[in-house]
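Novice: Would you mind keeping the following structure in view while I ask a few things?
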Amino acid sequence: MAKYQKYAEYRNTDNQWIDQIPSHWSVSALKHVLATPMTDGPHETPIFVDDGVPFVSAEAVSSGKIDFNKIRGFITSDDDKRFSQKYKPKLHDVYMIKSGATTGVTAIVETEKDFNIWSPLAAMRCKQSFEPYYLLNYLRSDPFQKSVQLSWTFGTQQNIGMSTLENLPVCIPPLAEQRKIASFLSYETAKIDSLIAKQEKLIELLKEKRQAVISHAVTKGLNPDVNMKDSGVEWLGQVPEHWEVIAISKVTQKITNGYVGPTRDILVEEGIPYVQATHIKKGKVNFDNAYFVREQWSKDHAKSILKKDDVLIVQTGAGTGDVGLVSEAEEGFNCHALIILQPKKQQLSGSYLAYSLQSDYGYATLYSIRTGGMHPHLNCGEVQFVKIPVPPLDEQVAITNFIQKNIHEFDQLIEKAKSAIELMQERRTALISSAVTGKIDVRNWQNPNHNNNEANTELGA
């Protein structure tokens, strides 16, 4: 922030969240800048229809915008009229998620089209004397977000009540300054967001290339000149002619699953580590020391005690079909609701099997045998019949080494891009926080895109 000047005079406040403000600013409770009392959407679950009025909830709110491609669904015009008796969205209303994992995330209404909102969103409508885009940015600032986090209550999820939210403090510059600050932040954060978007696109491209390396190596091999044959399997196509295409049951000595049942009575604070679906990420087991079972319980459920080179498949839930390879570090652990494949070592490498199931072909095949619709599930009885291409063991080792080397390079580039995004997000938050709390003075800032004509400044660009 060194390139920005400060205000000439500051004064202390008696507020725990804000230490100093410019001497001509004030601080007030959020409710005092609103034209109408803070409210939210209906607390009932509507009946969704194929077409109608868009119904917005928390998943559609991010980065200051409402993404209508991520709405919860559509409601009838009758439900919209009924819900609108409590609250009807209006241009430049400001929303903040007040419950769930994304509590504190904000957005502003930038459309005059009809839609309605659900109860996780707190709706704020500014007085004419208060700039909505300034409020949007203030709600995104570090001081306000910290005040929200320290005011959370916890039931089944984190939550902040509207009576608490509306009494949190807001810095209040004169209206002209509010608009200047909002214009400044619109311009500057747009530049940062553009850089973030480029890094996000780079990450997606790197992930695609990473996936292509795995998919090509385990289905076509490493020798581009090898003779090929038809695999006889849908989605697999041709494979090297000296490879076999074999059902998983023929090259594994054990196919079973971890314990499926309630865990409230079996988990303890320390004991045998208990692997769950959340620990299966990027082809590995990433145990976080969160779940343990008693040693005797594990012995009583010995069929799901893990061995090095076992391959785990998430059996149910959102990550159904995700794959992880058991390393030496996880040997002796037990597991919950995971399919366990134990390769016959004289025929199949665990690493190669894990990569096969992570290939485009592997994912597509596992997806095709899922059951359950909204609650997907895989059965061991179906997985055993999945056919995979199986090269000779020495070639499996070569393929595995090739994949590991190449995806390591992609993973490093992905982590580098993620770090860049994190730094830019921190920069954006710092810039917003400094501007809306008066740490920097932007009153003389001019928008380069508008030929220094302040009257043409477009908020929310």
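Novice: Please compute, for the alpha-carbon atoms of the chain, the extent along each of the three principal axes and give them in descending order in Å.
Specialist: Sorted from largest, the Cα extents of the chain read 79, 50, 47 Å.
Novice: For segment 125-150, list residues with backbone N below 16 Å from a point placed 7 Å from the Cα of residue 192 toward its Cβ?
Specialist: Only 134-146 pass the distance filter.
Novice: How large is the Rg to Rh ratio of segment 270-396 when both quantities use alpha carbon positions and Rh follows Kirkwood?
Specialist: Answer for segment 270-396: 0.96.
Novice: May I ask you to derive the relative contact order of the chain, considering only C-alpha pairs under 8 Å and at least 6 residues apart, and to give it as an integer percent?
Specialist: Result for the chain is 18 percent.
Novice: A follow-up question, please. Taking segment 85-169, how many lysine pairs are there with alpha carbons less than 23 Å apart, if each pair must be eight or more places apart or span two chains?
Specialist: Eligible lysine pairs with Cα atoms under 23 Å apart amount to 12.
Novice: Please work out how much accessible surface residue 39 shows to a 1.4 Å probe, ignoring ligands, DNA and RNA, in Å² rounded to 10.
Specialist: 20 Å²
Novice: Continuing with the same structure: Residues in segment 31-69, backbone N under 16 Å from the label point at residue 84 (7 Å along the Cα-to-beta-carbon vector): list them, ranges by number please.
Specialist: 41-42, 52-56
Novice: Heavy atoms only, probe 1.4 angstrom, no DNA, RNA or ligands counted: give me 19, 50, 142, 225 ranked by accessible area, highest first.
Specialist: Solvent-accessible surface, decreasing: 50, 225, 19, 142.
Novice: Hey, got a sec? Which GluC sites (Glu not before Pro) in segment 303-363 land in a DSSP loop and have at most 16 other Cβ atoms within 10 Å?
Specialist: 331
Novice: In percent, what relative contact order does segment 1-147 have, based on Cα pairs under 8 Å that are 6 or more apart in sequence?
Specialist: Over segment 1-147, the number comes to 26 percent.
Novice: Would you work out what percent of the accessible area of segment 50-204, with all protein chains in place, is carbon or sulfur (probe 1.4 Å)?
Specialist: 50 percent
Novice: So how strong a dipole does segment 155-246 carry about its Cα centre when Lys and Arg Cβ are +1 and Asp and Glu Cβ are -1, to the nearest 20 debye?
Specialist: 400 debye
Novice: Sticking with this structure for a sec: Leaving ligands, DNA and RNA out of it, work out the accessible area of residue 216 with a 1.4 Å probe and give it in Å² to the nearest 10.
Specialist: 110 Å²
Novice: Another one. Take the Cβ-Cβ distance between residue 234 and residue 146 as r, set R0 to 56 Å, and report the resulting FRET efficiency rounded to the nearest 0.05.
Specialist: 0.55
Novice: Provide the percentage of antiparallel DSSP beta bridges, counting only those with both residues in the chain; round to the nearest 5.
Specialist: Of the beta bridges lying entirely in the chain, close to 85 percent run antiparallel.
Novice: Also, quick follow-up: Among 432, 358, 372, flag the residue with its Cα farthest along the positive direction of the charge dipole of segment 333-438, charges on Cβ as +1 for Lys/Arg and -1 for Asp/Glu.
Specialist: Ranked along the dipole, the leading option is 372.
Novice: Give the whole-number value, in cubic angstrom per residue, of the convex hull volume spanned by the C-alpha atoms of segment 1-138. Please report the intermediate quantities before stating the final value.
Specialist: On the way: hull volume 20.0 nm³, N = 138.
Taking the convex hull of the Cα positions in segment 1-138, it is 145 Å³ per residue.
Novice: Another one. With θ set to phi - 60° and the Karplus curve 6.51 cos²θ - 1.76 cosθ + 1.60, what are the ³J(HN,Hα) couplings of segment 65-76 in order, to the nearest whole Hz, using x for Gly and Pro?
Specialist: The phi angles translate into 10, 9, 9, 6, 7, 10, 5, 5, x, 10, 10, 6 Hz.
Novice: Can you work out the accessible area per residue across the chain, with the rest of the protein chains kept in place, probe 1.4 Å, in square angstrom?
Specialist: With the other protein chains kept in place, the chain gives 51 Å² per residue.
Novice: For the chain, with only Lys/Arg (+1) and Asp/Glu (-1) charged at the beta-carbon, what is the dipole magnitude about the Cα centre, in debye rounded to 20? Mind showing how you got there, number by number?
Specialist: Working: 50 positive and 54 negative charges, 109 e Å.
That gives a dipole near 520 debye.
Novice: For segment 262-369, which whole-number percentage of the solvent-accessible area (1.4 Å probe, protein heavy atoms only) is attributable to carbon and sulfur atoms?
Specialist: Here it works out to 49 percent.
Novice: Also, quick follow-up: Mind checking which of 342, 243, 187 is farthest towards the positive end of the chain's charge dipole, using Cβ charges of +1 (Lys, Arg) and -1 (Asp, Glu) about the Cα centre?
Specialist: Among 342, 243, 187, the one farthest towards the positive end of the dipole of the chain is 187.
Novice: If you average the sequence gap of Cα pairs under 8 Å that are 6 or more apart and divide by the length of segment 39-90, what percent do you get for the contact order?
Specialist: 43 percent
Novice: Given H placed on each backbone N at 1.01 Å, which residues far from residue 348 in sequence or on other chains put an amide H within less than 5 Å of it?
Specialist: Result for residue 348 returns nothing.
The values are calculated or read from the model by the stated rules, or taken from the named source; none is laboratory data. Remember, predicted model here, so these are calculated numbers, not experimental data. Heads up, the Cβs are rebuilt from the backbone with ideal geometry, glycines too, and the neighbour counts pull from every protein chain shown. Note: areas computed on protein heavy atoms with side chains; ligands, DNA, RNA excluded. Shrake-Rupley method; radii C 1.70, N 1.55, O 1.52, S 1.80 Å.
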